[in-house]
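The values are calculated or read from the model by the stated rules, or taken from the named source; none is laboratory data. The structure presented is a predicted model; accordingly, all values stated were derived computationally and were not measured. A quick note on method: Cβ atoms are made from the backbone with ideal geometry, for glycine too, and the neighbour counts reach across all protein chains shown.
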Amino acid sequence: MSVLVYIESEEGKFKKASFEVASYAKEIANTSGTTVTAVTFNAQDTSELGKYGVDKVLAISNNKLSKFNAEAYADALKQAAEKEGSKVIVLSQSSNSKYLAPILSVQMEAGYASNVVALPESTEPFTVKRTAFTNKAFSFTKINTDTKIIGVSKNAFGVKEKQADAQEEEFTPTLSDEDFTVKVESVDKATDKVTIADAEIVVSGGRGLKGPENWGMIEEMAEILGAATACSKPVSDMGWRPHGEHVGQTGKPVASNLYIAVGVSGAIQHLAGINAAKTKVVINNDPEAPFFKAADYGVVGDAFEIVPKLNEKLKEFKAKNA
Amino acid sequence: MKILVCISHVPDTTSKINFTDGDSKFDTNGVQFVINPNDEFGLTRAMWFKEKQGATVDVINVGGPETEPTLRKALAIGADAAIRVNTAPTDGFQVAKELANVAKDGGYDLVIAGRESIDYNGGMVPGMLATLLKANFVNNCIGLEIENEKAKAIREIEGGKETLTASLPLVVGGQKGLVEESDLKIPNMRGIMQARKKPLNIVEPTQPESRTETAKFEKPAPKGDVKLIDPENLDELIDLLHNEAKVI
């Protein structure tokens, strides 16, 4: 009956989001008087999971699973859930988790709630709070099935330390050729850059920057802060910046701790996509820009004067607080 | 090649979101509905296959008669026929099941659905549909080519992309990148005229049971006022970010 949690790793190391979903699973387990079982794929050292309340680890090591494969991972998770008799399965909202969750949901006849932002409101009925309308609202969703899958939004719950044993047990799911009919041919990933999904801080530029040649100061700020760079929709539409940097309703969502927007007016679609960021700063020369209504801190003025000055000050700050 | 594009009928991205009936229903009053943006990229990619490689393209929606203008728009963009499953969508599973019931007898080689709708953001219909159809599935698809019954798909991942291959039938969860924003097809007058004569078939639902239900909605609490910082005093901003917000 333990709560099952899918633990993601990369190159054998756990992702931060995994500690968050483990923490979430622990809280549910505590309320229902049960334990947490984590499922890991080719992880090197699973003992670290004990810090986040994991009681037991089903450790899978299988060369065929060295690259993520939604079908095969879902199959392995299903077998793990059946072995543990788990009725609640918790996972993150990374692109991999979002890929496999619907597959797992159909295979286990489980109701699935995505983008969940808090612990269940109640367990009888099982109701969770999730974002809808791209962060313009919340919906309280009842899951009516016996088995439930919960996708927890990044940074919504936080990482909470709670010591447990993380007792490792080898687990060998039975996989068939049918699990591998979609083949990963190649992975192309910039490893030296912080991604928007993983970043604690995101620095974003809008049309107010006037042209792609002016992005140097945005990149500099990102480098000083260890942040990811992002941009508004018009900027990516005009080809000033790559599509992968477009954040907003039809682009990538932002759920970082800090979001700094430079020369972004704050169209409703943009604000919807970045609404989950905890602290928002706007720098814009137009005091009427809608972004000021959504931001926590604002500076009204010319970005071309403010940003270089701010970068210098941030460098000093970083040097002092290193 | 036979292609099915799933079309979600959603409020325009600029819509103000309000609720009625004790916050249990979305308030459609004054709201403009459009083709879900993630579906629109898929529809345009389907048109590309039709023009370049030869394909028939059907579009499908699960919804009441009020969604027909959205389907007609998809026909005006160039789809050959539309199907409407005549029932209100209740959750991702019910929609996927209704879609699967139609798709399984349609002999489709490729089904494209948006990675998520911009209203309920469930992000589950494409994956559930693929699993119900026992078809291959690629989510977050930002590039798709098909040759000799084999698909090469690009999937967006955090910080990069992944190239996948799979045989047909295939279901993809599409998004921006399948085609560029500037390549999105806009219906022209000829398309709109032709769309009036194209078939829009109504299929009665099989009424599968929903697995989840929305009990109520809530709007985010209004935000406090922005704290304005003098551009001559940026130290204050750094101090606030460090000591008040504790984010640097």
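Given the options B:Ile118, B:Ile157, name the one that is over 27 Å from A:Asp188 (Cα atoms) and in contact with a Ser or Thr (Cβ under 8 Å, 6 or more places away or on another chain).
Values: B:Ile157 fails: over 27 Å from A:Asp188 (Cα atoms).
Going through B:Ile118, B:Ile157 in turn, just one is over 27 Å from A:Asp188 (Cα atoms) and in contact with a Ser or Thr (Cβ under 8 Å, 6 or more places away or on another chain): B:Ile118.
Answer with yes or no whether B:Val138 is facing chain A (nearest Cβ under 10 Å), crowded, with 24+ Cβ neighbours inside 10 Å and out of contact with any Cys (no Cβ under 6 Å at 6 or more places or on another chain). First the steps, then the outcome.
Details: facing chain A (nearest Cβ under 10 Å): yes; crowded, with 24+ Cβ neighbours inside 10 Å: yes; out of contact with any Cys (no Cβ under 6 Å at 6 or more places or on another chain): yes.
Yes; evaluated as a whole, the condition is true for this residue.
I need the full set of residues from segment A:234-248 which are within 10 Å of another protein chain (Cβ to nearest Cβ), closer than 25 Å to A:Asn115 by Cβ and surrounded by fewer than 24 Cβ atoms within 10 Å (Cβ to Cβ), in order please.
Correct list: A:Ser236, A:His243, A:Gly244.
Give the residue that is farthest from A:Val264 (Cα to Cα), with candidates limited to residues of segment A:156-193 that are aliphatic (A, V, I, L, M) and more than 8 Å from chain B (Cβ to nearest Cβ).
In the first step, residues of segment A:156-193 are kept if they are aliphatic (A, V, I, L, M); the result is A:156, A:159, A:164, A:166, A:175, A:182, A:184, A:187, A:190.
Keeping just the survivors that are more than 8 Å from chain B (Cβ to nearest Cβ) gives A:156, A:159, A:164, A:166, A:175.
Working: A:Ala156: 25, A:Val159: 31, A:Ala164: 45, A:Ala166: 46, A:Leu175: 49 Å.
Ranking the candidates gives A:Leu175 first.
Are there any pairs, at least 6 apart or on different chains, whose C-beta atoms fall under 6 Å, with the first in segment A:48-65 and farther than 12 Å from A:Ser9 by Cβ and the second polar (S, T, N, Q) and assigned to a helix (DSSP H, G or I), and if so, which?
Listed by first residue and then by second, the contacts come to A:Tyr52/A:Ser23.
Which of the residues spanning segment A:71-96 are among the hydroxyl-bearing types (Ser, Thr, Tyr), crowded, with 24+ Cβ neighbours inside 10 Å and under 17 Å from the mean Cα position of the chain (by Cα)?
Passing the criteria: only A:Ser92.
I'd like to check something: does segment B:175-193 contain any residue that is assigned to a strand (DSSP E or B) and under 19 Å from the mean Cα position of the chain (by Cα)? Talk me through it step by step, then tell me what you get.
Taking segment B:175-193 and keeping what is assigned to a strand (DSSP E or B), we get none.
There is no residue in segment B:175-193 that is assigned to a strand (DSSP E or B) and under 19 Å from the mean Cα position of the chain (by Cα).
Quickly run through segment A:177-209 and pick out the residues that are exposed (fewer than 13 other Cβ atoms within 10 Å of the Cβ) and either of a type in the set (Val, Ile, Thr) or out of contact with any helix residue (DSSP H, G or I) (no Cβ under 8 Å at 6 or more places or on another chain) (or both). Talk me through it step by step, then tell me what you get.
Of segment A:177-209, the ones exposed (fewer than 13 other Cβ atoms within 10 Å of the Cβ) are A:177-178, A:185-186, A:188, A:190-192.
Selection gives A:Asp177, A:Glu185, A:Ser186, A:Asp188, A:Ala190, A:Thr191, A:Asp192.
How about segment B:1-83: which strands (runs of 3 or more DSSP E) wholly inside it have at least 3 residues that are among the aliphatic types (A, V, I, L, M)? Reasoning before the result, please.
Values: elements: B:2-6, B:9-11, B:33-35, B:56-62.
Passing ranges, in order: B:2-6, B:56-62.
How many of the residues in segment A:274-322 are aromatic (Phe, Trp, Tyr) and either within 27 Å of the chain's Cα centre (by Cα) or exposed (fewer than 14 other Cβ atoms within 10 Å of the Cβ) (or both)?
Step one: of segment A:274-322, the residues aromatic (Phe, Trp, Tyr) are A:291-292, A:297, A:304, A:317.
Filter again for either within 27 Å of the chain's Cα centre (by Cα) or exposed (fewer than 14 other Cβ atoms within 10 Å of the Cβ) (or both), leaving A:291-292, A:297.
Adding up the residues that qualify gives 3.
For segment A:174-221, give me each residue that is part of a helix (DSSP H, G or I) and not acidic (Asp, Glu). Reasoning before the result, please.
Narrowing segment A:174-221 to residues part of a helix (DSSP H, G or I): A:177-180, A:207-209, A:212-214, A:216-221.
Across segment A:174-221, the qualifying residues are A:Phe180, A:Arg207, A:Gly208, A:Leu209, A:Pro212, A:Asn214, A:Gly216, A:Met217, A:Ile218, A:Met221.
Rundown of residues vs (1) free of Cβ contacts under 8 Å to residues at least 40 places away in the same chain; (2) outside any strand (DSSP E or B); (3) of a type in the set (Ser, Thr, Tyr), yes/no style:
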| position | (1), (2), (3) |
| --- | --- |
| A:Phe68 | no, yes, no |
| A:Ala76 | no, yes, no |
| A:Gln79 | no, yes, no |
| A:Ser97 | no, yes, yes |
| A:Ser105 | no, yes, yes |
| A:Glu109 | yes, yes, no |
| A:Arg130 | yes, no, no |
| A:Gly151 | no, no, no |
| A:Glu168 | no, no, no |
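Condition check: surrounded by fewer than 18 Cβ atoms within 10 Å (Cβ to Cβ) and at pLDDT 95 or above. Does B:Lys152 satisfy that? Show your work before the answer.
Working: surrounded by fewer than 18 Cβ atoms within 10 Å (Cβ to Cβ): yes; at pLDDT 95 or above: yes.
In short, yes.
What are the pairs with Cβ atoms under 7 angstrom where one residue, in segment B:208-222, is more than 15 Å from A:Phe140 (Cβ to Cβ) and the other, located anywhere, is of a type in the set (Lys, Arg)? Sequence gap at least six, or different chains.
Short answer, once both residue conditions are applied: B:Pro208/B:Lys97.
Looking at segment B:202-231, which of the residues that are acidic (Asp, Glu) and within 9 Å of another protein chain (Cβ to nearest Cβ) is nearest to the chain's Cα centre (by Cα)? Spell out the reasoning first.
To start, the set of residues in segment B:202-231 that are acidic (Asp, Glu) comprises B:204, B:209, B:213, B:218, B:225, B:230.
With the extra rule that they be within 9 Å of another protein chain (Cβ to nearest Cβ), the set shrinks to B:209, B:213, B:218, B:225, B:230.
Working: B:Glu209: 22, B:Glu213: 20, B:Glu218: 23, B:Asp225: 34, B:Asp230: 43 Å.
Among those residues, the one meeting the criterion is B:Glu213.
Does segment A:199-206 contain at least one residue that is within 14 Å of chain B (Cβ to nearest Cβ) and modelled with pLDDT under 95?
Looking only at segment A:199-206, we keep the residues that are within 14 Å of chain B (Cβ to nearest Cβ), and these are A:199-203.
Checking the rest, the ones that are also modelled with pLDDT under 95 come to A:199-200.
Yes, because at least one residue in segment A:199-206 is within 14 Å of chain B (Cβ to nearest Cβ) and modelled with pLDDT under 95.
Among the candidates B:Ala166, B:Ala151, single out the residue that is touching a strand residue (DSSP E or B) at 6+ places or on another chain (Cβ under 7 Å), under 30 Å from B:Asp119 (Cβ atoms), outside any helix (DSSP H, G or I) and facing chain A (nearest Cβ under 7 Å). Don't jump to the end; show me each part of the working.
On the way: B:Ala151 fails: facing chain A (nearest Cβ under 7 Å).
None of the other options fit; the residue is B:Ala166.
Note down all Cβ pairs under 7 Å where the first residue falls in segment A:291-312 and is at the interface with chain B (Cβ under 7 Å from one of its Cβ atoms), the second is small (Gly, Ala, Ser), and they're at least six residues apart or on different chains.
From residues that are at the interface with chain B (Cβ under 7 Å from one of its Cβ atoms), the pairs are A:Phe292/A:Gly298; A:Ala294/A:Gly266; A:Asp296/B:Ala245.
Check A:Gln44 against each of (1) closer than 19 Å to A:Ser2 by Cβ; (2) without any contact (Cβ under 8 Å) to a residue 60 or more places away in the chain; (3) surrounded by fewer than 24 Cβ atoms within 10 Å (Cβ to Cβ) and name the one condition it does not meet.
(1)
Would it be correct to say that A:Val282 is within 30 Å of B:Pro222 (Cα to Cα), assigned to a strand (DSSP E or B) and within 7 Å of chain B (Cβ to nearest Cβ)? Spell out how you get there, then give the answer.
Numbers: within 30 Å of B:Pro222 (Cα to Cα): yes; assigned to a strand (DSSP E or B): yes; within 7 Å of chain B (Cβ to nearest Cβ): no.
The answer is no for A:Val282.
Residues that are free of Cβ contacts under 8 Å to residues at least 60 places away in the same chain, surrounded by fewer than 20 Cβ atoms within 10 Å (Cβ to Cβ) and either of a type in the set (A, V, I, L, M) or farther than 23 Å from B:Pro205 by Cβ (or both): does segment B:69-85 have at least one? Can you show your working first?
We begin by selecting, within segment B:69-85, every residue free of Cβ contacts under 8 Å to residues at least 60 places away in the same chain; these are B:69.
Right, trim to surrounded by fewer than 20 Cβ atoms within 10 Å (Cβ to Cβ) and you get B:69.
Remaining after also requiring either of a type in the set (A, V, I, L, M) or farther than 23 Å from B:Pro205 by Cβ (or both): none.
No; the residues of segment B:69-85 include none that is free of Cβ contacts under 8 Å to residues at least 60 places away in the same chain, surrounded by fewer than 20 Cβ atoms within 10 Å (Cβ to Cβ) and either of a type in the set (A, V, I, L, M) or farther than 23 Å from B:Pro205 by Cβ (or both).
Which condition number does B:Glu51 fail, the rest of (1) surrounded by fewer than 22 Cβ atoms within 10 Å (Cβ to Cβ); (2) in contact with a Gly (Cβ under 9 Å, 6 or more places away or on another chain); (3) under 20 Å from B:Leu129 (Cβ atoms) being met?
Checking B:Glu51 against (1) surrounded by fewer than 22 Cβ atoms within 10 Å (Cβ to Cβ); (2) in contact with a Gly (Cβ under 9 Å, 6 or more places away or on another chain); (3) under 20 Å from B:Leu129 (Cβ atoms), the one that fails is (3).
With respect to the numbered conditions (1) in contact (Cβ under 8 Å) with a residue 24 or more places away in the chain; (2) more than 26 Å from A:Gly158 (Cα to Cα); (3) surrounded by fewer than 22 Cβ atoms within 10 Å (Cβ to Cβ), which one is the sole condition not fulfilled by A:Val262?
Of everything listed in (1) in contact (Cβ under 8 Å) with a residue 24 or more places away in the chain; (2) more than 26 Å from A:Gly158 (Cα to Cα); (3) surrounded by fewer than 22 Cβ atoms within 10 Å (Cβ to Cβ), A:Val262 misses just condition (3).
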